[in-house]
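Shown next, in structure tokens, is the structure this report addresses.
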Amino acid sequence: MRFLISVWVLFGCLMANAQDARFEVCPLKVGGEIPETTLIDAMGNDHALADLIQEKPTVVIFYRGAWCGYCTKHLAELNDIKNQVEGLGYQLFGVTPDQPSKLIESSKKSDSEIVVYSDSNLATIQAFGLDWKVDDALFTKYKNEYKLDLEAWSGTDHHSLPVPAVYVIKDGIIQFQYVNPNHSIRLKGATLLAVLETL
């Protein structure tokens, strides 16, 4: 039995009475085609998303940034299964709104060998339907109480973040997606392996 499911479907899309912008995103689902966007590596080089995924099936991990402990912990967990993922014929990489100069910090904080790309202009994050805007009150709280300056991390003033997500892509088509607006709950490495074994 193939494990083709959009986990977001379980939550719905544009949820009624949602009071949090994270719950109002409408992500790409299984069967959707990958958008034509560009990502930037730690050296500042551009990479078309289509070029990155054309050689082999791909696991794409969208996360908020190296400043997010949940994100670096998740990268570390997925890094632990990196060899198994690659043994199944997949590559994996991360996408974050952090600017290119912050990408190395992601690798250091998560002690991960997973390649990460910057999408500080949100082109890919928006194309996947994952972006949500941090309102002024929350932006100020982050900056003053948590000493977290989103503008410094992204290098922009869009004040937007992605809902954390994991996509599995083959031949430019989404085969599986996990999207959860609760940033503290992430797809387990064991679950991802189980999914990949069925595709």
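The values are calculated or read from the model by the stated rules, or taken from the named source; none is laboratory data. Everything numeric here is computed off the predicted structure, so don't read it as measured data. Here Cβ is always computed from backbone atoms with ideal geometry, including for glycine, and neighbour counts include all displayed protein chains. These area figures cover heavy atoms from the full protein model, side chains too; ligands, DNA and RNA do not enter into them. Shrake-Rupley method; radii C 1.70, N 1.55, O 1.52, S 1.80 Å.
Tabulated results
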read-out	value
Distant-in-sequence amide H partners of residue 94 (H built 1.01 Å from N, under 5 Å)	61, 115, 116, 117
J(HN,Hα) series, segment 169-174, from Karplus relation 6.51 cos²θ - 1.76 cosθ + 1.60, nearest Hz, glycine and proline x	10, 10, 6, x, 10, 6
Additional length obtainable on full extension of the chain from residue 108 to residue 143, 0.36 nm per residue less Cα span	10.3 nm
HN-Hα J in Hz across segment 27-40 - Karplus 6.51, -1.76, 1.60, θ = phi - 60°, x for Gly and Pro	x, 4, 10, 4, x, x, 8, 6, x, 8, 10, 10, 10, 10
Distance between modelled label sites at residue 123 and residue 41, nm, 7 Å Cα→Cβ extension	1.7 nm
Fluctuation leader among 114, 169, 185 - the chain, Gaussian network, Cα springs under 10 angstrom	185
Cα→Cβ-extended label distance, 7 Å offset, between residue 198 and residue 158, nm	3.3 nm
Three-way shape label, segment 103-199, alpha-carbon gyration tensor, a/c 1.5	prolate
Point-to-point label distance, residue 88-residue 48, nm (Cα→Cβ direction, 7 Å offset)	2.9 nm
Reach of residue 108 by Cα under 18 Å, taken over lysines that are not fewer than 8 positions away in the same chain	73, 82
10 Å beta-carbon shell around residue 143, net charge (K/R +1, D/E -1)	-1
Cα coordinate range in the chain, projected on the principal axes (Å, largest first)	48, 42, 29
1.4 Å probe accessible area per residue over the chain, in Å²	48 Å²
Value of [θ]222 nm, deg cm²/dmol, for the chain, DSSP H segments ≥ 4, -39500 (n - 2.57) each, nearest 500	-8000 deg cm²/dmol
Links that overshoot a 19 Å alpha carbon limit, given the list 109/147; 133/170; 102/188	133/170; 102/188
